[in-house]
Every structure is written in structure tokens, then in C-alpha cells.
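Accompanying notes for the structure given below.
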Amino acid sequence: MSEARRQPPLAQRAVAEGVGTALLLATVVGSGIMGERLAGGNLAVALLANTLATGAGLVALVLAFGPLSGAHFNPVVTLAVAWERSFPWEEVPPYVGAQVVGAFVGVGVANLMFEMPLFSLSRHARQGPSQLLSEFVATFGLLSVIWGCSRLRAAAVAFAVGAYITAAYWFTASTSFANPAVTLARAASDTFAGIRPGDVPGFVVAQLCGGAAATALFRWLVPDLPVSAPRAVAPGLEPVARHGGRQ
């Protein structure tokens with residue numbers, strides 16, 4: 001069994017979260033723009049290109065940043081791990097702040113790479129009960145994959161998360177945002193991957209509910225979940241301090 005590695009300081013971990021989230025959003029939005037431009041109006045081809053780039057990029061980013069920050073890249077994941085008493089609540093704001101800032105940086109960079117305005121409000125409507133249900137299901141599934149793998153197949157979490165997001169792009173009507181930071185930032189890109197700002201609040205509420213439902217379910221399915229939660233994304237990362245029995 002490999003020896004657990006101590007966490008870097010909070011500032012370094014927050015920066016890692018921000019940079020990782022920025023690269024994730026640059027991948028999502030950039031591949032969406034490229035896919036739409038090259039697909040010649042075929043939305044299925046554009047979505048396929050967007051999906052493959054996002055899934056592959058997510059696996060790489062989790063593997064790269066997981067040992068540094070846990071590679072949450074998602075406020076729902078950060079809140080869920082804190083809820084399971086495996087992450088100190090006082091570190092939630094720096095993580096979430098870094099994720100949101102990083103997401104907007106990534107969107108801005110993607111827009112500029114394709115000679116578009118730094119930010120522009122999206123006109124891509126994503127509304128209605130089916131879209132909200134899709135975001136609930138997408139986030140419920142994402143957290144289920146994270147919690148299930150962290151308990152039973154910790155080394156496979158990065159690949160499982162990438163594979164799930166790749167699949168969820170296609171089986172959900174919303175194309176699986178499953179991340180409040182991603183949702184907020186994608187409202188600032190009037191592209192294939194965008195979302196109209198007025199549709200953002202509903203998505204975020206559905207995502208939070210989906211994440212909470214999955215975490216509650218796995219607390220029952222796996223009673224020792226708080227013990228395994230630190231391994232949610234980065235196996236072998238040992239907390240420096242303890243808070244309430246578990247950090």
C-alpha cells in the first residue's frame with residue numbers, strides 16, 4: 001500500500017483548483033466552438049467532438065491535479081466532501097471561489113483563442129422541466145460515481161468520472177453541465193457550449209439537489225463513507241490536520 005502524502009498549503013491547493021477548472025472550461029468551450037465550426041451544421045458531430053474532448057481532458061486534469069488539490073473542479077463536489085466531514089468547512093469558500101474564477105478565466109481564454117469577444121452573454125436557451133431533471137440526474141450520477149469508486153475502486157476515479165461525463169453528454173437532455181461553476185461561466189460564452197443567463201439559477205439548484213441526493217444515498221449504502229471520502233478524487237492524499245475526527 002502506498003504511503004499517504006501530506007496536503008500542500010491551502011493557497012497552493014486553491015490555485016490548483018483554479019487552474020484545473022480553467023483548463024477544464026477552456027476544453028469544454030474551445031472544443032464546442034471548434035466542433036461547431038468544423039461540423040458544417042451537423043450538431044451531432046459537433047456534440048461528439050465536444051464530448052470526446054471534454055471526457056479526455058477531464059481524465060487528464062484529474063490525474064494531474066488530484067494529488068495537489070483533490071481535483072474537485074466543482075462546488076457540488078467540494079460541498080459534498082465537506083458535508084461528509086472530510087474537508088474543513090472554512091476551506092470551502094477558497095475552493096469554490098477558485099473554481100468560479102478559474103471557470104470564467106477558462107471561458108475567456110477559449111473565446112479569445114477563437115477570435116471571439118472575451119465574454120458575451122449566451123443566447124442558448126436551456127429551460128424547462130426536462131432540462132432541470134437532466135441536471136439533477138447528471139449531478140446525481142456524477143457524485144454517485146465519485147462516492148462509489150472512492151470506496152471500492154479509488155484508483156479508477158479519474159477514468160470513471162471522465163467516462164461518466166462522456167456518457168452523460170449524450171443521455172441527458174441538458175448535455176450534463178453537472179457543475180455550478182461550469183454553468184455560471186458558460187453563460188458568458190455565446191457559443192455552442194453556452195447557456196442563457198436566465199436559465200442558470202434553475203440548473204444550479206438542480207445540481208445541488210442531485211449532489212445532495214447522491215451523497216445522502218451513499219451515506220446509507222456505504223456507512224463508512226466519511227472515512228473513505230478524502231480519497232474521493234485523489235487516493236493517497238493525507239489531510240494535514242483533523243477537524244471533527246476527519247478533515
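The values are calculated or read from the model by the stated rules, or taken from the named source; none is laboratory data. These figures come from a predicted structure and were not determined experimentally. Heads up, the Cβs are rebuilt from the backbone with ideal geometry, glycines too, and the neighbour counts pull from every protein chain shown. For accessibility, only protein heavy atoms count, side chains too; no ligands or nucleic acids. Shrake-Rupley method; radii C 1.70, N 1.55, O 1.52, S 1.80 Å.
Where the centre of each part is set by its Cα atoms, how far does the stretch 10-46 sit from the stretch 113-129, in angstrom? Measuring centre to centre over Cα atoms gives 13 Å.
Sequence-ordered 3J(HN,Hα) estimates for the stretch 194-207 from the Karplus curve with 6.51, -1.76 and 1.60 and θ = phi - 60° stand at x, 9, 4, x, x, 8, 5, x, x, 4, 5, 4, 4, 5 Hz, glycine and proline given as x.
How would TYR164, TYR169 rank on accessible area, largest to smallest, probe 1.4 Å? Mind dumping the intermediate values first?
Details: TYR164 35, TYR169 5 Å².
Per-residue accessible area, sorted high to low, gives TYR164, TYR169.
Considering only trypsin sites (Lys or Arg not before Pro) in DSSP loops that have at most 14 other Cβ atoms within 10 Å, the longest stretch of the chain without any of them is 1-122. Heavy-atom accessible area for LEU24, with the other protein chains in place and a 1.4 Å probe, reaches approximately 20 Å².
Once the Kirkwood radius over Cα pairs is known for the stretch 153-217, the Stokes-Einstein relation at 10 °C and 1.306 mPa s delivers a diffusion coefficient of 122 µm²/s. Using R0 = 30 Å, the C-beta based FRET efficiency linking ALA125 and ARG153 works out to 0.20. Between ALA181, ALA14, ALA39, the Gaussian network model of the chain with springs among Cα atoms under 10 angstrom shows the greatest mean-square fluctuation at ALA39. What's the longest bit of the chain with no exposed GluC sites (Glu not before Pro), using DSSP loop states and at most 12 other Cβ atoms within 10 Å as the test? In short, 116-247.
When the surface is traced with a 1.4 Å probe over the full set of protein chains, ILE165 keeps roughly 20 Å² accessible. Averaged per residue, what accessible surface does the chain expose to a 1.4 Å probe, in Å²? Solvent-accessible surface per residue comes out at 43 Å². Among LEU43, VAL161, GLN131, whose Cα projects farthest towards the positive end of the dipole of the chain, with charges put on the beta-carbon of Lys, Arg (+1) and Asp, Glu (-1)? Final value for the positive-end residue is VAL161.
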